[in-house]
Ligand SMILES: [Zn+2]
């Protein structure tokens, strides 16, 4: 079996851990409210309802969007103020 290096990563389907829908455009990896600090993949609406923080940042949450090549790209953080 020959192994070839793929030139780029193929599409990775991401499922929302909360509503279990596959997401095609946007997904968040964020801390879930009332979970004791558990992280989950969330769709936009689950993120709005269930994310502990409505912000992005290290240790807070990440947002990924699918680019034109079908790859998930992390959205750069909008400068998040510390605190809360
Ligand atoms: Zn969801």
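One table, with the values for the structure above:
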quantity: Cα gyration tensor of the stretch 14-74 - equivalent ellipsoid semi-axes, whole Å, descending; calculated: 19, 13, 8
quantity: Nearest-0.05 FRET efficiency for residue 33 and residue 58, computed from C-beta distance (R0 22 Å); calculated: 0.70
quantity: Stretchable slack from residue 73 to residue 15, in nm (0.36 nm times residue separation minus alpha-carbon distance); calculated: 19.3 nm
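FYI, it's all coordinate maths here, none of it is from the lab. What you are looking at is a predicted structure, and each value in this text was computed from that prediction instead of being measured. Please note: Cβ atoms are built from the backbone with ideal geometry, for glycine as well, and neighbour counts cover all protein chains shown.
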